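Notes to accompany the following structure.
All of the numbers you see were taken from the coordinates with simple rules; none came from a lab. Everything quoted here is computed from the prediction, not taken from an experiment. Counting neighbours? That spans all protein chains shown, and the Cβs are built from the backbone with ideal geometry, glycine included.
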Amino acid sequence: MPERLRGERNLYYAAKFAGQVAHNLLIAALFLIAGTSSHAAIGLSSLFIAMLAPAIVFGFLGGAVVDRIGPARGFVLGSALRLGAVVAGILVLHGAGSAWILAFVYTTVSQVGGPAEMALVKTLRGRATGRAHSVVVALQYGGQGLGMLVFAPALYYLGGPPAILAGAAVGFAVLAIMAAVLAIRLRSTPAAETQPARSAFSFMDTVRFFRREALARDAIVVLAIKAMVAQGVVVTLPLYLKHDMGLGKEALGFLLIPGVAGVVAGLFWAGGPRLTVDRCRQTMRLALLGMIVSVFALAALDLSIAIMAEYSHVPPIAELAVSMNTTFVVALPAAFLLGMTLAASLVTARVVLTDRAPLGQQARVFAVQSTLTDALVVLPLLLLGVGAQFAGARPTLAAIGLVGSAAFLLIEHPRFRPRPVVSPLLLAAEA
């Protein structure tokens with residue numbers, strides 16, 4: 001069946017892209033409304049937390065609703081609820097305090113749309129989920145760039161944050177229309193199948209899945225560290241540019257170039273039709289190590305190079321260290337490695353969850369993953385904002401690296417590593 005769904009896949013990708021652009025326009029508006037205080041790091045981390053809380057509280061419920069009505073209808077419902085939340089925000093809410101309310105409401109209704117989007121992949125792509133998730137992640141980053149760097153500045157110039165919110169509403173309206181058309185075209189596929197209420201709202205089924213699938217548990221840990229690293233870099237970046245690099249915000253553009261190149265490399269590394277679950281396991285671990293190396297490099301590698309140059313007494317090396325911005329030079333390859341590992345970890349972890357979760361539990365599995373990931377990072381994220389504001393960017397990045405190192409040791413511990421499945425027939429033959 002997936003071979004016959006090329007048109008539906010393209011429609012799904014288009015809907016995902018429209019939704020991602022709209023999502024990032026909304027985020028840009030929220031940041032402009034509520035994140036421009038003198039304590040920027042605390043403000044940004046607090047906004048992230050306001051958007052994480054609904055996932056922790058309502059995540060499983062949203063996934064259960066999607067499994068109950070089917071992923072295709074869940075996609076439509078989630079898209080309509082997102083549109084309604086943004087329209088209500090435009091009409092009702094005003095002022096800086098409104099940003100937190102709108103963020104909370106939007107993230108709450110997204111607990112239906114998010115799992116539905118992920119649950120559709122298995123129907124649309126069958127076994128070639130690696131390629132699908134690579135495309136989805138590419139569209140995600142592309143939508144972020146187009147929304148944040150092109151549409152948001154243009155709309156801000158035209159009418160400030162209200163114009164950006166209006167642009168987000170238009171994007172979500174397009175998403176809702178595409179989702180409805182897609183649901184109609186998928187009405188005879190497994191994506192339209194419903195589950196009995198007793199089964200769909202059974203939390204124990206999902207608990208048993210994660211207890212049984214060690215690799216799925218690894219995927220949750222990797223996605224949690226990925227979220228912590230990505231959001232931690234966003235929180236610390238303004239301070240890092242100003243206090244550690246001695247550069248203005250215009251330097252961000254130079255760091256984006258290797259970061260984007262790294263994302264492209266990561267998608268090619270992790271994606272493709274031949275991406276197996278065994279390869280995912282290896283790639284997830286390498287990506288986690290790469291994220292750890294990246295944040296440690298940003299935290300201290302330039303200082304180590306400067307110390308080596310100062311005490312080496314080799315004139316060319318010492319003169320070179322004095323004449324160049326060592327911090328900026330180190331940040332360029334670190335940004336490339338960070339972009340590559342963030343993209344690869346996201347693709348491979350999603351492939352693991354898609355391939356291992358049964359069709360009737362796809363939405364609940366992704367909802368529980370989102371809930372657990374957000375629950376694992378909410379306290380560290382709060383500490384990130386406070387730590388970056390008062391301790392500086394470097395200690396905060398080093399702390400992220402230490403947490404990532406602990407997570408890597410956890411999933412590598414023999415007790416938590418996936419065990420190979422041995423066929424009973426093979427055991428009988430050996431006996």
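Subtracting the Cα-Cα distance of ASP278 and ALA261 from 0.36 nm times their residue separation leaves 3.5 nm of extension gain. With the cut-off at under 17 Å, measuring from each backbone N in region 137-165 to a point 7 Å along the Cα-to-Cβ line of ILE177 picks out no residue. As a proxy for reagent exposure, HIS133, HIS94 were ordered by neighbouring Cβ count within 10 angstrom, fewest first; the result is HIS94, HIS133. Label positions at HIS94 and VAL170, each projected 7 Å from the Cα along the C-beta direction, are separated by 2.4 nm. Here the Karplus curve 6.51 cos²θ - 1.76 cosθ + 1.60, taken at θ = phi - 60°, turns the phi angles of region 7-12 into couplings of x, 5, 4, 4, 5, 4 Hz, with x standing for Gly and Pro.
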